[in-house]
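Asks: Structure incoming, see below.
The values are calculated or read from the model by the stated rules, or taken from the named source; none is laboratory data. Predicted model only: the values in this text are computed from it and were never measured. Quick reminder, even Gly has a Cβ in these numbers, built from the backbone with ideal geometry, and neighbours come from all protein chains shown.
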Amino acid sequence: MPAESPRGPRLCVLLIEDSEDDALLLVHRFRSSGYTLDVLRVDTPDQTEAALRSRNWDVVISDHDLPGFSAIAALGIIKQLELDVPFIIVSGVIREETAITAMRAGAHDYLSKNQLERLIPAVEREVREAENRRQSRQALAAQHEADARFQAVAASTPGVIFQMTRHASGQLSFAYASDATDMLLGVSAQQLCEDGAHFSRMLLPDDHQALDDALASSANTGGRLNWEGRIQTGAGDTKWINVRGSVRHGPMHEAIWEGVMWNITHSKQTEAELRASQAHLKALSNHLQHAKEEERERIARDVHDVLGGHLVALKFSASLMASRLDAPAEQRLAQVTSIEALIDEAIDTVSRVTRELRPGILKDFGLAAAIESHAEDFSKRTGIRCHVLCADDDIELPEAESIALFRIFQESLTNVSKHAKAEHVEIRLVHTGDGVSLEVGDDGIGLADTDLAKPHSFGLRGVRERVTSLGGCVDFSRRMPKGTRLQVVLPLSDISTVSSDQELSS
């Protein structure tokens, strides 16, 4: 049956009808109502299935009984193909039981061929209903797809995505929480949604009020929620979390936030460590400045009291000898000997002060010789015996590493003289498998763990700072049966590179 030229609303109609006259009558009804039809007439199961597969139809109008075919059979084909298309039966006289059976099989309406005034309204109604069902399916499919995308994003987000409500009583409830709840809060998302007060119970008392204030401010101003605080999980772990969300108001004027909770414990720990490190560095800097002033004062005292005293004594001796040139030879020889002794003591003082400031032996003869020389001076000055073992006298280090190790050695002996109450010190400077090791051990009262944590242990802190800046490691430990051991290891890679460069340049 050919399609009509466009005059009004177009309708695609599949007619299951064995009578061409009855089909023309139905077509006439649609034309009279202003419809432009795209119509196809079939009357066998195969034709019906082929037509249903070939395209989408706005409505199927079927006779009830056809030779070898029926409306019930046509509905079976539609059901098999899983189609949602309006199906209206237009037939002659049919019993009520048969009509009910057809409606239960999926027919949308039943009309008599002798009363076709209901045809157009029935078709229009069912076409609208079919369109509504199609749009509902599309909306539902779109919703399912959006839900699937959201669930995929939520599953891959390390934070907890949530919807949280603050009721007039101030109590919190959660309508939604992602699966990361278990990892962050130690409870399942279902548990959190069933008992929103559980989140409030997890807050540390000191942080509870801050969250209430942040929620109230966000709800009153409409601004974003951005709060940081601590929670304690059921396992006893304390965590820092950041809660961020956008606020809106529900039908009962309750504040509702959608947002994310993040675990910021690591960043908070890093921030605290950074602040502590800055405070330590500031304290260390102040101590070093103070130590520098003390060192200047000690040097000035040595120069004034010792060297200055020797020079004054030399002046008196020289004046006395000049006034007694006619004295016996024995007296003059005694005065010269006294002057020589004063000069020797002055030279020793100058040498000692110079070595302590910057030992020339370190540059001229290397680290091992400088350590041996300083240990000898230390023994003479303090009476504490020092035993030095340098297994590799030819250890060659870059200047920065040599000076650092020597200053660390000086600091360790200073600590021994001030705190250890020791009688004997053992020093070892050796190559290890992957670096150079300096060990200083004493037989004193030992070093407690609390000593390492003292806020004013600037000497030990200075040693750590020096070693860390050179990429090495430092260890303080107890010696058996008593005493303390300091070990510093600097990496060998940088040292070997410098030594190799020196060999190539020589």
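Asks: Out of all the residues in the stretch 133-148, is one or more in contact with a His (Cβ under 7 Å, 6 or more places away or on another chain), more than 30 Å from Glu228 (Cα to Cα) and either in a helix (DSSP H, G or I) or at pLDDT 90 or above (or both)?
Replies: No, there is no match, as no residue in the stretch 133-148 is in contact with a His (Cβ under 7 Å, 6 or more places away or on another chain), more than 30 Å from Glu228 (Cα to Cα) and either in a helix (DSSP H, G or I) or at pLDDT 90 or above (or both).
Asks: I'd like the full set of residues that are within 20 Å of Arg125 (Cα to Cα) and either without any contact (Cβ under 8 Å) to a residue 24 or more places away in the chain or surrounded by fewer than 17 Cβ atoms within 10 Å (Cβ to Cβ) (or both), limited to the stretch 76-104.
Replies: Across the stretch 76-104, the qualifying residues are Leu83, Asp84, Ala99, Ile100, Met103, Arg104.
Asks: Only one residue in Ile343, Ile347 is within 30 Å of Ala404 (Cβ to Cβ), over 60 Å from the mean Cα position of the chain (by Cα) and modelled with pLDDT of 75 or more. Which one?
Replies: Ile347
Asks: For the list (1) loosely packed, with under 15 Cβ neighbours inside 10 Å; (2) at pLDDT 90 or above; (3) not in a helix (DSSP H, G or I), I need the number of the one condition that Arg230 fails.
Replies: (1)
Asks: If you scan the stretch 401-454, which residues turn out to be modelled with pLDDT of 85 or more, surrounded by fewer than 18 Cβ atoms within 10 Å (Cβ to Cβ) and of a type in the set (A, V, I, L, M, F, W, C)?
Replies: Val430, Ile445
Asks: If you check Asp147, Asp207, which single one turns out to be assigned by TED's automatic domain parsing to the domain that holds Ile256, more than 30 Å from Phe30 (Cβ to Cβ) and acidic (Asp, Glu)?
Replies: Asp207
Asks: Given the residues Glu126, Glu82, which is the only one that is under 19 Å from Arg29 (Cα atoms), of a type outside the set (Gly, Ala, Ser) and assigned by TED's automatic domain parsing to the domain that holds Val39?
Replies: Glu126
Asks: Here's a follow-up. So which of Ala177, Ala139 ends up being closer than 18 Å to Trp257 by Cα and among the aliphatic types (A, V, I, L, M)?
Replies: The conditions single out Ala177.
Asks: Right, something else. Here are Ser323, Ser351: which of them is outside the structural domain of Ile408 (by TED's automatic domain parsing) and farther than 30 Å from Glu294 by Cβ?
Replies: Ser323
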